[in-house]
Amino acid sequence: MPGLNEWRAELREMLQKSIRIGEVKLASGKTSNFYIDGKVTTLSARGAWLVGRIVCEMTKEDRAGAIGGLTMGADPIACAAAVASVDLGRPMAAFLVRKEPKDHGTSKWIEGPALPAKGRVVVVDDVITTGGSTLKAVKALREETTCEIVRAICLVDREEGAADALAKEKIPFSPIFRRSDFDISRSMP
């Protein structure tokens with residue numbers, strides 16, 4: 001039966017096909033000559049299945065009860081991991097962090113089942129550059145909950161400062177892949 005190494009290899013090939021060459025502005029505000037569209041992979045059925053299994057394997061020692069991050073990149077990853085966690089006997093709830101708090105109703109930043117006081121959570125994102133989106137999710141969690149952030153995981157770390165930014169916040173960081181794992185020259189124009 002295929003396991004983590006085979007799943008990672010398959011996921012890497014899927015992500016390789018989602019790389020686009022051309023100037024693009026990133027969420028960090030930086031400009032880049034390539035773009036990794038993680039949602040092309042995480043929103044496909046097979047990609048979601050692979051991401052869910054891989055993230056659950058990566059977090060099995062964390063004893064996390066919830067997983068999520070800043071909408072939109074984190075949403076499919078958190079949901080895929082939450083679904084996979086049930087099959088693996090370690091259920092984690094998914095949560096979504098808004099980019100802005102609601103301006104009506106409860107004015108919440110965080111959506112999903114209530115996170116337990118002092119609960120252990122994992123923060124996820126698809127592709128990170130400086131870690132700004134992940135840190136925004138961390139800030140919302142720290143302001144709105146008493147949860148312990150036990151790990152940050154991303155699909156691809158562009159290797160442009162996110163690891164250092166998360167280390168400053170004392171958050172263990174585990175990218176599934178790094179930019180250096182991909183052949184940018186093999187990408188589509």
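With respect to the conditions (1) of a type in the set (A, V, I, L, M, F, W, C); (2) surrounded by fewer than 22 Cβ atoms within 10 Å (Cβ to Cβ); (3) closer than 19 Å to Phe177 by Cβ, Ala80 lacks only one, and its number is (2).
Here Gly65 meets the list (1) in contact with a Pro (Cβ under 7 Å, 6 or more places away or on another chain); (2) surrounded by fewer than 15 Cβ atoms within 10 Å (Cβ to Cβ) almost entirely, failing just condition (2). With respect to Lys108, determine if the residue is part of a loop (DSSP other than H, G, I, E, B), at negative phi and free of Cβ contacts under 8 Å to residues at least 40 places away in the same chain. Spelling it out, Lys108 is indeed part of a loop (DSSP other than H, G, I, E, B), at negative phi and free of Cβ contacts under 8 Å to residues at least 40 places away in the same chain.
Taking the stretch 19-46, which residues are of a type in the set (S, T, N, Q), within 16 Å of the chain's Cα centre (by Cα) and within 25 Å of Ala165 (Cβ to Cβ)? Scanning the stretch 19-46 gives Ser28, Thr41, Thr42. Restricted to the stretch 114-187, the set of strands (runs of 3 or more DSSP E) holding at least 2 residues that are over 15 Å from the mean Cα position of the chain (by Cα) and on the phi < 0 side of the Ramachandran plot is empty. Among the residues of the stretch 130-188 satisfying the criterion of being surrounded by 14 or more Cβ atoms within 10 Å (Cβ to Cβ) and among the polar types (S, T, N, Q), which is nearest to Gly65 (Cα to Cα)? Per the stated criteria, the residue is Thr145.
In the set Val123, Val156, which member is in contact (Cβ under 8 Å) with a residue 60 or more places away in the chain and closer than 26 Å to Arg12 by Cα? That would be Val156, the only listed residue that is in contact (Cβ under 8 Å) with a residue 60 or more places away in the chain and closer than 26 Å to Arg12 by Cα. I'd like to check something: does the stretch 127-137 contain any residue that is among the hydrophobic types (A, V, I, L, M, F, W, C), more than 30 Å from Gly3 (Cβ to Cβ) and either modelled with pLDDT under 95 or out of contact with any Ser or Thr (no Cβ under 8 Å at 6 or more places or on another chain) (or both)? So far as the stretch 127-137 goes, yes, one or more of its residues are among the hydrophobic types (A, V, I, L, M, F, W, C), more than 30 Å from Gly3 (Cβ to Cβ) and either modelled with pLDDT under 95 or out of contact with any Ser or Thr (no Cβ under 8 Å at 6 or more places or on another chain) (or both). Residues of the stretch 159-189 that are in contact (Cβ under 8 Å) with a residue 24 or more places away in the chain and of a type in the set (Ser, Thr, Tyr): Ser174, Ser187.
The set of residues from the stretch 116-125 being in contact with a Gly (Cβ under 7 Å, 6 or more places away or on another chain) and surrounded by fewer than 24 Cβ atoms within 10 Å (Cβ to Cβ) comprises Pro116, Gly119, Arg120. Do we find that Gly89 is out of contact with any Asp or Glu (no Cβ under 9 Å at 6 or more places or on another chain), in contact (Cβ under 8 Å) with a residue 40 or more places away in the chain, surrounded by fewer than 20 Cβ atoms within 10 Å (Cβ to Cβ) and of a type outside the set (A, V, I, L, M, F, W, C) in this structure? For Gly89, the condition - out of contact with any Asp or Glu (no Cβ under 9 Å at 6 or more places or on another chain), in contact (Cβ under 8 Å) with a residue 40 or more places away in the chain, surrounded by fewer than 20 Cβ atoms within 10 Å (Cβ to Cβ) and of a type outside the set (A, V, I, L, M, F, W, C) - is not met.
The values are calculated or read from the model by the stated rules, or taken from the named source; none is laboratory data. All figures in this text were calculated on a predicted structure; none of them were measured in a lab. We place every Cβ from the backbone using ideal geometry, glycine too, and count neighbours over all the protein chains shown.
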